[in-house]
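K.L.:
Mind looking over this structure? Questions follow.
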Amino acid sequence: MAIILLVSGAAAGLVSSIAGLASLVSYPVLLMLGVPPISANTTNTAALIFTGLGSSVSSVKELNSSHRTLWQVAVYVLVGSVIGSVLLVVAPAKTFTRVVPFLVFGAGILMLWSQFHQSKILDTPKPAGRGVTFFKNLAILLVGVYIGYFGASAGMILLSILIVTLNKSFAVTNAIKNFTCLLANGLSLLIYAFTTKIYWWMVVPMGIGMFIGGYIGPVVIRHVPVRPLRVIIAFSAFGLAGFLFYTAYL
């Protein structure tokens, strides 16, 4: 079982650091190994921290170039993450399993839509109006809520929003996404550790794999065209949504 967790963790970390869809791999694996949905979510969140560590170490150059933007995004996501973590504890498990398929399907839609909305990177970007800034920050806050509540494909949702709203290269935008999700998952885990069950013995092998995959992801992005890969992952999200819908409703 440790080998399964290690390999699935490496695959999840790679997918996460490229497009933010680690739970396309890791969450179903935990379910198939017999972990209850809520505990599968919290155990997955604990392991995802290793993906964030690996990708952040591998993206130091990109992160250093955008300190201000990074922390602006991080603050809204962290506030939302606290709200989402509380909702997860309060909401019944049945509600959790029935909502997730639609969230994952929506993430796939957003990823595909972002492929057809590529903003040009300007040397002197125009400042956004107050209305645009408000809705951008609100969207980032809601992603934080989602990370705290479930998190599957949350990185992909955040990446799609940042691609559209930030005047940054894909490598920088992706690095901001990875580091922000690391902070949000860490904060959520602090809450989960005192409120829900986490299968820590599963976290270790899966986390090691996620660190390896998370470190490799940014390297791949620098050398391989990622657009076709992200389209494939988006369609994979539809498959995951269908699987989760089947298990929740049929």
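K.L.:
Determine whether VAL57 is modelled with pLDDT of 85 or more and either outside any helix (DSSP H, G or I) or surrounded by fewer than 21 Cβ atoms within 10 Å (Cβ to Cβ) (or both).
P.N.:
Yes; evaluated as a whole, the condition is true for this residue.
K.L.:
Condition test on LEU141, is it in contact (Cβ under 8 Å) with a residue 60 or more places away in the chain, part of a helix (DSSP H, G or I), over 19 Å from GLY214 (Cα atoms) and open to solvent by 30 Å² or more (accessible area, probe 1.4 Å)?
P.N.:
When the stated conditions are applied, LEU141 passes them.
K.L.:
Also, I was wondering about something else. Taking GLY52, is it open to solvent by less than 10 Å² (accessible area, probe 1.4 Å), touching a Cys at 6+ places or on another chain (Cβ under 7 Å) and either among the β-branched types (Val, Ile, Thr) or on the phi < 0 side of the Ramachandran plot (or both)?
P.N.:
Answer is yes for this residue.
K.L.:
Step by step: first the residues of segment 215-233, then only those that are touching a Ser or Thr at 6+ places or on another chain (Cβ under 7 Å) and at pLDDT below 95, then the one that is most open to solvent (accessible area, probe 1.4 Å). Which residue is that?
P.N.:
Looking at residues that are touching a Ser or Thr at 6+ places or on another chain (Cβ under 7 Å) and at pLDDT below 95, I get VAL219.
K.L.:
Is it true that some residue in segment 74-89 is open to solvent by less than 50 Å² (accessible area, probe 1.4 Å) and closer than 15 Å to THR173 by Cβ?
P.N.:
Yes, the conditions are met somewhere in segment 74-89.
K.L.:
Return yes when ARG98 is part of a helix (DSSP H, G or I) and either free of Cβ contacts under 8 Å to residues at least 24 places away in the same chain or within 15 Å of PHE179 (Cβ to Cβ) (or both) and no when it is not.
P.N.:
Answer is no for this residue.
K.L.:
Just wondering, is there one or more residues in segment 118-130 that are in contact with a helix residue (DSSP H, G or I) (Cβ under 8 Å, 6 or more places away or on another chain), at pLDDT below 80, in a helix (DSSP H, G or I) and more than 23 Å from SER65 (Cα to Cα)?
P.N.:
no
K.L.:
Give segment 1-24 a look and list any residue that's buried (at least 24 other Cβ atoms within 10 Å of the Cβ), of a type in the set (A, V, I, L, M) and assigned to a loop (DSSP other than H, G, I, E, B), or say none.
P.N.:
LEU21
K.L.:
May I pose another question? So which residues in segment 25-49 are surrounded by fewer than 21 Cβ atoms within 10 Å (Cβ to Cβ) and under 10 Å from GLY213 (Cβ atoms), if there are any at all?
P.N.:
If the condition is that a residue be surrounded by fewer than 21 Cβ atoms within 10 Å (Cβ to Cβ) and under 10 Å from GLY213 (Cβ atoms), then no residue fits.
K.L.:
All but one of (1) open to solvent by 20 Å² or more (accessible area, probe 1.4 Å); (2) touching a helix residue (DSSP H, G or I) at 6+ places or on another chain (Cβ under 8 Å); (3) part of a helix (DSSP H, G or I); (4) not acidic (Asp, Glu) hold for ASN178; state the number of the condition that does not hold.
P.N.:
Among (1) open to solvent by 20 Å² or more (accessible area, probe 1.4 Å); (2) touching a helix residue (DSSP H, G or I) at 6+ places or on another chain (Cβ under 8 Å); (3) part of a helix (DSSP H, G or I); (4) not acidic (Asp, Glu), the lone unmet condition for ASN178 is (1).
K.L.:
Could you list all residues from segment 234-250 that are under 17 Å from the mean Cα position of the chain (by Cα) and crowded, with 17+ Cβ neighbours inside 10 Å?
P.N.:
If the condition is that a residue be under 17 Å from the mean Cα position of the chain (by Cα) and crowded, with 17+ Cβ neighbours inside 10 Å, then ALA234, SER236, ALA237, LEU240, ALA241 are the ones that fit.
K.L.:
Find the residue count for segment 184-214, including only residues that are open to solvent by 40 Å² or more (accessible area, probe 1.4 Å) and more than 12 Å from GLY13 (Cα to Cα).
P.N.:
Residues in segment 184-214 being open to solvent by 40 Å² or more (accessible area, probe 1.4 Å) and more than 12 Å from GLY13 (Cα to Cα): 11 in total.
K.L.:
Could you go through segment 167-174 and let me know if any residue there is open to solvent by less than 10 Å² (accessible area, probe 1.4 Å), touching a Gly at 6+ places or on another chain (Cβ under 7 Å) and at pLDDT 85 or above.
P.N.:
The answer is no, given that none of the residues of segment 167-174 is open to solvent by less than 10 Å² (accessible area, probe 1.4 Å), touching a Gly at 6+ places or on another chain (Cβ under 7 Å) and at pLDDT 85 or above.
The values are calculated or read from the model by the stated rules, or taken from the named source; none is laboratory data. Keep in mind that this is a model prediction, so the values were computed, not measured. Glycine also receives a Cβ, built like all others from the backbone with ideal geometry; neighbour counts cover every protein chain displayed. Note: accessible area is taken over every heavy atom of the protein model, side chains too, but ligands, DNA and RNA are not part of it. Shrake-Rupley method; radii C 1.70, N 1.55, O 1.52, S 1.80 Å.
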